[in-house]
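In what follows, a single structure is set out as structure tokens and then discussed.
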Amino acid sequence: MSGRKRLLWLSVVAGPAAVLLVGSAVALLLLPHPVPRNATPDQRSYLMYCAECHGANGHGSWRAILFLLRPGDLADPRTLAGRSDEYLFDLVKHGGAPIGKPGMPAFGYHLSDDQIRELVRYVRALSPPVPPRP
């Protein structure tokens, strides 16, 4: 078999495989987090707007790490300890830039105030309660 035929067969086999590999990588990076059909409204909001950085379970997402973001671990009770619901509401509505956390985008244009309040309750439920100290 000549070198030209070998190169042709290699491109026939490797070309589509490379296209599928690149397409899969792009889809993983750009497609939103999947939302189950039986999700509650607050869970749906969390998965649509928050899970891309904070992860579906609140522990963080590998996508955020790829873009060098370090979102807070919402499933760790220490992350939200001492933070009022009003603080979290303002953080979600206005973003983190006004308070020195520029990585957190504002969602006030996408979510109503009631949806943000439900989202704050959902985020609080992600972390187990902090046990009292003896």
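How big is the shadow of the Cα convex hull of segment 33-126, averaged over all directions, in nm²? Could you put the intermediate results ahead of the total?
On the way: hull surface 23.4 nm².
So the mean shadow area of the Cα hull is 5.8 nm².
As I understand it, the value is the acute angle between the Cα axis of helix 113-126 and the longest principal axis of the Cα atoms of the chain; what does it come to in degrees, rounded to 10? Taking the Cα atoms of the chain, the angle to 113-126 is about 80 degrees.
Laboratory data are not the source of any read-out in this text; all were calculated from the coordinates shown. Everything quoted here is computed from the prediction, not taken from an experiment.
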